[in-house]
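The values are calculated or read from the model by the stated rules, or taken from the named source; none is laboratory data. Computed from a predicted model, the values in this text were never measured in an experiment. As a convention, Cβ positions derive from the backbone with ideal geometry for all residues, glycine included, and neighbour counts pool all protein chains shown. Each accessible area value is taken on the protein alone, full model and side chains, heavy atoms only, with ligands, DNA and RNA left out. Shrake-Rupley method; radii C 1.70, N 1.55, O 1.52, S 1.80 Å.
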Amino acid sequence: MTTISSIAGEISRAFDMDPDEALTFAITCAGYRGIETGTQESGQAQLVEIDEDTAQEIWEDAAVATEFWTE
């Protein structure tokens, strides 16, 4: 298990993304997968635990999205 905040940090570093944008991206991706995250403003979303498969899916989404943004 990992947290949304942790995967967001990895995405931020790996894809040179602003940390807040990476966190928003990770929260949004988790929400699309049916994970209840709460809100970013409340600080709840960052602490939500996700399984490794979901973390990998979010990572892959970030890879695709950043490739698209840089074209």
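If you roll a 1.4 angstrom probe over the protein chains with everything in place, what fraction of the accessible area of the chain belongs to carbon and sulfur, to the nearest %? If you can, show how the numbers build up before the last one.
Values: 2200 of 4470 Å².
After summing per-atom areas, the C and S share lands at 49 percent.
How would Ser5, Ser12 line up by accessible area, probe 1.4 Å, largest first? Don't jump to the answer; show the numbers that get you there.
Working: Ser5 55, Ser12 20 Å².
These residues rank, largest area first, as Ser5, Ser12.
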**Complete:** Note to self, the chain gives a 222 nm [θ] from helices alone (DSSP H runs n ≥ 4, -39500 (n - 2.57) apiece, / all residues, nearest 500) of -19500 deg cm²/dmol
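Can you tell me the accessible area per residue over the chain, all protein chains present, probe 1.4 angstrom, in square angstrom? Don't skip to the end; give the middle numbers.
Numbers: 4470 Å² over 71 residues.
I get 63 Å² per residue for the chain.
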**Complete:** Projecting the Cα atoms of Gln56, Thr39, Ile7 onto the charge dipole of the chain, where Lys and Arg contribute +1 and Asp and Glu -1 at Cβ, the residue farthest towards the positive end is Thr39
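Pairs of alpha-carbon atoms within less than 8 angstrom and 6+ residues apart define the contacts here; what relative contact order does the chain have, in percent?
Values: 73 pairs, mean separation 28.6, N = 71.
For the chain, the relative contact order is 40 percent.
Could you tell me whether segment 9-55 comes out rounded, prolate or oblate from its Cα gyration tensor? Rule is a ≥ b ≥ c as square roots of the eigenvalues, rounded for a/c under 1.5, then prolate if a/b exceeds b/c, otherwise oblate. Walk me through the intermediate numbers first.
Details: a/c = 1.97, a/b = 1.28, b/c = 1.54.
Cα axes put segment 9-55 in the oblate bin.
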**Prompt:** Across segment 42-58, in residue order, what do the Karplus-derived ³J(HN,Hα) couplings come to in whole Hz, using 6.51 cos²θ - 1.76 cosθ + 1.60 with θ = phi - 60° and x for Gly and Pro?
**Reply:** 6, x, 6, 4, 4, 8, 5, 8, 10, 7, 5, 5, 5, 4, 5, 4, 5
**Item:** Cut-off under 5 Å, modelled amide H: who pairs with Thr3 long-range
**Value:** Ile50
